[in-house]
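Reviewing the structure listed below.
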Amino acid sequence: MSAATAAESQERRRSEAVAWLRALLRESALPLPPPRASDDELRAALADGALLRAALDKLGRPSSPRDEGGPAAAERDVGRFLAAVERMGLPSFAPSDLQTGPMSAVVACLLALRDQFVSHAGEGWTCGLPQNGRMHTMGFPGRENGQVTQNSEAREDGKQMETTLQKASRSPAMSEPSSVISRPELSSTSRHAGRNFHEVFQLRQGGYSDLPSSKISDMMKSTSLDNAPTQSLLSVVNGILDEIIERKNGEIPYHLAFLLRKIVLEVERRISTQAEHIRNQNNLMKAREEKYKSRIRVLEALASGKIHVSSNATNGKAHVAAEPVHQMKMEKDKFEEKKQLLEEDLTKLTKDKESVTRMTKDKEDMARFLNDKEDIIRLMKEKEEMARLMKEKEDTVSLKKGKDGDRNQSADEHIAKPIMYKDELISLMKEKENYKVTIMKLKLELEAMKSSCEKSHSLLETKNEDVLNLLKDKENSGNIISQLRQELATARRSHETYIQDLKTTALQENRDFEQRIKEVELKLEDSTKRGRHLEELLESRIKTWERKEIMLNQFVGVQMQNIQDLRLSSVSIRHEIQNCQKRWSEELSGLGQSLKVLANASEKYHATLEENRKLFNEVQELKGNIRVFCRIRPFLCNEDHKSSTTEITGDNGELILANPAKIGKEGNKLFKFNKVLGPTTSQDEVFKDIQPLVRSVLDGYNVCIFAYGQTGSGKTYTMTGPEAATEEELGVNFRALNDLFLISRNRGDTFNYEVSVQMIEIYNEQIHDLLGSNGSEKNLGILNSSLPNGLAVPDATLHPVNSTTDVIELMRTGLGNRSVGATALNERSSRSHSVVTVHVQGVDLKTGATLRGALHLVDLAGSERVDRSAVTGDRLKEAQHINKSLSALGDVIFSLSQKTSHVPYRNSKLTQVLQSSLGAYLSSSAI
Ligand SMILES: Nc1ncnc2c1ncn2[C@@H]1O[C@H](COP(=O)(O)OP(=O)(O)OP(=O)(O)O)[C@@H](O)[C@H]1O
């Protein structure tokens, strides 16, 4: 080691010694060396011996008060300190070291004392510390009867020392057998035996040496020692040791030594039992700690799981679950601390056991010493015997001298006896010399044994103090253990309560979790199924997309090829387009010329059409504004075929009606019509003659088609058709409307037509609306002068129609509202005039001119002679009105055909309604 390193080591050791000394004497008023004191500073602090004296006091070696100062007191304190150190077997130093020279020996002594103090702190040295009343009694760090006692200085300089002191103060020691070792055999008898032991050894009159050996042997053989309180045992040990000390010659009875040994063995056994008990307690505490740790882990897992699961959950629940966990953690820390204390106590007990072992060895040394002492006594006795023999020999010599005269007288007689004595004397002298040598050896051995005995006395004294301290610590430990038990019981109860609550909570939570787990499992299963389904779907779609991708790639390849081709062809097409554009421009210029020609031709075409329409209508007028066709219906199944005959005379419209019942001209009457249609004429053939008039309506003309005839002659059949008519049986009305819509659609490029329908009936000279919502109840009025739109009965409902179906639907509604009744001639006779008016308004798309036309489809009531109808009352009145109106119609038609100035329209409602159709500026046709 280099000089520098040695100096550093010495300085470090000196600092440690100074720190310990400052911590130990921190409450002292004496001046202390600075924390990093040099050798001289340390020497100056220790030179007067006051600090050394205070250290001894602090370490539980109180001395008498220092009533004087000066070098003498300093020398005495230093000497007392050195003596105490030597008694403890620690390295010492010379008093001159405190005057001059290095302080290494002093530092070594202080550190050894510190180490000894620390190592013996658990053996009761602290019993002398609490001089200021701050006893660390219950082993709870920093608490003095529940109050905090640590100060900052202790934390700074003597933390280690303080910790050691605290450990020492809370170390358990031996316990009384009855309080710690729960042995069933400790009955009242054993307690009585313990009392006997106490009575024997405490109520003695003299010393222990005076007790009869038989009594001591009886006590050692019995269970008195086993059941005696430890305090009593220690008192006996103290008493015996006191007697040993008092009797400096060491003449202690042998049986007392054995008793001492027995007591020490008993104390050792109790310490071992106590250590075993504490070890068991420690194991029990470890097991409980493991149990609590496992519960804490479970609770922490529950708490953490609860907090996570119900993150999606409430914070309040998490707080409730975390609070017991926090308390359990605090209790766990508490148990950790208790476990640490118990481990420290176990360590302390182990040290105590070692101390007792050392005491046992000392006791054995004492026993050997006593044996040696007996040998010495025996030798002394032999010596005394030798002295007695020497005295007898001297007496023999003196007797020889006194009897010289006698010997001279009988020299020859006694010559052999002195020689024998001489030899015997020589041998005795030799033997004496040997005895002297032996005695000298024995004296030396005795001296050595005396010094050993003194050391043993000193050690026993120390051990005695240790045992006392152990006893105090034992009592403290008892209190600590009882308090720990109470705390443990309290903690166990609170834990049980907590655990019960937590079990309940955990059970409930577990149920909830199980329920949730089931739900989650169901959802998971469902999700798994969905996932599988989706995976399958995904796979199929992936395959589909892969196929599509392949197809797309192929398609793209083809398209790219096509694009290439198209690019190539586009160039040629571009050229062709350019050529075409040239041609088109040339053709367009030609087309422009052609369009001009076409426009001129179109104008000429429209003019031609207009002229054609005019010519067409002029032709119609030339054919006659009033045309009368005669249709002969076939005989009905219930009619007599011979009752009348008809003869048709060709296309000139002449009809000869033959009556077989009459003779002459009366039997053959000639009638002249525009055309006569025979009984076999179909509905379509009848319409063919009327069809040109429908076209005139679209050209802005008014056309009136009405059927006239007697009841049952077939008017309704011709105009409407039979009930449930087939397509071939449809009447003039439907065919005319069908043709009207067909022609209007064909003229869609030149005209825009709007078609609307009115349907009225004239019954008993009253007009009813057959399409109104109120039915035919209301009597409508007629305008004297027709409106521009051709509406003669403006209050009748006007329904716009777009197709023949709409008109058929309206006509079925109107026919349902028509007044009918049974007559003698017809089972279902029309008792009113039915007028269906189709209003057409066409707008010329080119000129914007408006054309209005109207088509009146009239189904007149049956005309008949009243006498033939055999009607009376209402029917008679109906017939009279019908005949009157038909007569008025005949008069108007006659006037119009004769082109008279007055036309009697106002003679009936029928002629008033049809006035616009029968008037001068309109052409009409009639059947
Ligand atoms: N051309 C015809 N072919 C076959 N049957 C016909 C023809 N004309 C009329 N009939 C039938 O004659 C009967 C009477 O016809 P319808 O009812 O049309 O007479 P009407 O003149 O309207 O009578 P009313 O004046 O009493 O209403 C009906 O059964 C009808 O089917």
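The values are calculated or read from the model by the stated rules, or taken from the named source; none is laboratory data. Since the model is a prediction, treat every value here as computed from it, not as a measurement. With ideal geometry, Cβ positions are generated from the backbone for all residues, glycine too; neighbour counts draw on all protein chains shown. Side chains included, ligands, DNA and RNA excluded: accessible areas come from the protein's heavy atoms. Shrake-Rupley method; radii C 1.70, N 1.55, O 1.52, S 1.80 Å.
Scanning the stretch 672-695 for residues that are closer than 15 Å to residue 721 by Cβ, open to solvent by less than 40 Å² (accessible area, probe 1.4 Å) and within 12 Å of the ligand (Cβ to nearest atom) returns 681, 683, 686.
With respect to the conditions (1) modelled with pLDDT under 75; (2) under 22 Å from residue 682 (Cα atoms); (3) among the aromatic types (Phe, Trp, Tyr), residue 629 lacks only one, and its number is (1). Kindly check whether there is at least one residue in the stretch 658-670 that is over 29 Å from residue 883 (Cα atoms) and either touching a strand residue (DSSP E or B) at 6+ places or on another chain (Cβ under 8 Å) or within 16 Å of the ligand (Cβ to nearest atom) (or both). Within the stretch 658-670 (the criterion being over 29 Å from residue 883 (Cα atoms) and either touching a strand residue (DSSP E or B) at 6+ places or on another chain (Cβ under 8 Å) or within 16 Å of the ligand (Cβ to nearest atom) (or both)), the answer is no, since none of the residues qualifies. The condition of being charged (D, E, K, R) and more than 30 Å from residue 301 (Cα to Cα) holds for only one of 511, 541, that being 541.
Considering the stretch 696-745, the residues that are assigned to a helix (DSSP H, G or I) and near the ligand (Cβ under 9 Å from one of its atoms) include one that is surrounded by the most Cβ atoms within 10 Å (Cβ to Cβ), namely 715.
Looking at this structure, is residue 639 open to solvent by 50 Å² or more (accessible area, probe 1.4 Å), within 15 Å of the ligand (Cβ to nearest atom) and modelled with pLDDT of 90 or more? No: the conditions fail for residue 639. For the criterion of being surrounded by fewer than 21 Cβ atoms within 10 Å (Cβ to Cβ), within 30 Å of residue 343 (Cβ to Cβ) and over 60 Å from the mean Cα position of the chain (by Cα), residue 111 passes. Only one entry in 602, 585 is modelled with pLDDT of 85 or more, assigned to a helix (DSSP H, G or I) and hydroxyl-bearing (Ser, Thr, Tyr), namely 585. Checked against the criterion of being farther than 30 Å from residue 352 by Cα, modelled with pLDDT of 70 or more and assigned by the TED database to the domain that holds residue 29, the candidates 57, 97 yield just one match: 97. Selection of first residues in the stretch 1-18 that are at pLDDT below 90 and of second residues that are open to solvent by 80 Å² or more (accessible area, probe 1.4 Å), restricted to Cβ pairs under 6 Å at least 6 apart or on distinct chains, gives an empty result.
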